Amino acid sequence: MVQALDLTFDRPTDDRVRAEWEALRAAGLPSLARHTGASNRPHLTLDSREQVTPEAEAGLAAVAGRLPLDVRVGTVLLFHAKQRWVLARHVVVDRALLELHEQALGVLGPGGSPLTEQGRWVPHLTLARGLTDAQLPEALAVVADSPPFSATALRLRRWDQQAGRAWDVTVGDDRQTSAGRSL
């Protein structure tokens, strides 16, 4: 089961990404708008892994203390996975984002996904998963006119797939007192 550490965003960014999700859904295409789980929201994954130790959990408040963080959401990005495509928006890498990512991985320690390792991580906001080759031209046309924009990462979120819950990591938490709150 997956444990994830994500950045979530201010309302304008959230609304803008959700509008792209909805445009894809309205076109009859795969979209994260179709995922109706309470934890589904626009996010930037810093790391995913099988387990987060209690020591790492306690150290995440220091990472949360680096927020808010302004980022630039760039152009459309495609990943090929399992004979299908993932459509996303690239998040432009800068020093502040790389330092936050490095600190998060340092707190979490070894054992994360190879896709989130330093030097391999491609920061992005996912719009759709499971697109076929035939759906790509239409999906790209739906989001083609959406220009890059500025965004603010406000919160560090932990997601526990097995428990089916997500929570914000807050500054000053010794052991994530907000961990019981579902988001």
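The numbers here are math on the coordinates, done by the rules we state, and not lab data. Quantities reported herein were computed from a predicted structural model and do not represent experimental measurements. Cβ coordinates were reconstructed from backbone atoms using ideal geometry, including for glycine residues, and neighbour counts include every protein chain displayed.
Annotation for residue 120 and residue 94: the two label points, set 7 Å from Cα along the Cα-Cβ direction, are 2.8 nm apart. Only Lys, Arg, Asp and Glu carry charge here, each on its Cβ (+1 for the first two, -1 for the last two); on that basis the chain has a dipole of about 380 debye about its Cα centre. Stokes-Einstein diffusion for the stretch 3-163 at 4 °C, viscosity 1.567 mPa s, with a Kirkwood radius from C-alpha pairs, works out to 79 µm²/s.
Relative contact order of the chain, taken over Cα pairs closer than 8 Å and 6 or more residues apart, is 35 percent.
Distance from the alpha carbon centroid of the stretch 111-128 to that of the stretch 23-53 works out to 14 angstrom. Each peptide in 27-34, 42-49 gets a packing score, the mean of other Cβ atoms within 10 Å over its residues, and the list from highest to lowest is 42-49, 27-34. Across the options 76, 142, 105, the greatest Cα extent toward the positive end of the charge dipole of the stretch 37-176 (unit charges at beta carbon of Lys, Arg, Asp, Glu) belongs to 142. When +1 charges are put on Lys and Arg Cβ atoms and -1 charges on Asp and Glu Cβ atoms, the dipole computed for the stretch 95-170 relative to its Cα centre reaches about 280 debye. From helices alone, the chain scores -8500 deg cm²/dmol at 222 nm; the rule is -39500 (n - 2.57) for each run of n ≥ 4 DSSP H residues, then divide by the residue total. The Stokes-Einstein estimate for the stretch 1-98, based on a Kirkwood radius over Cα pairs and taken at 4 °C with 1.567 mPa s viscosity, is a diffusion coefficient of 83 µm²/s.
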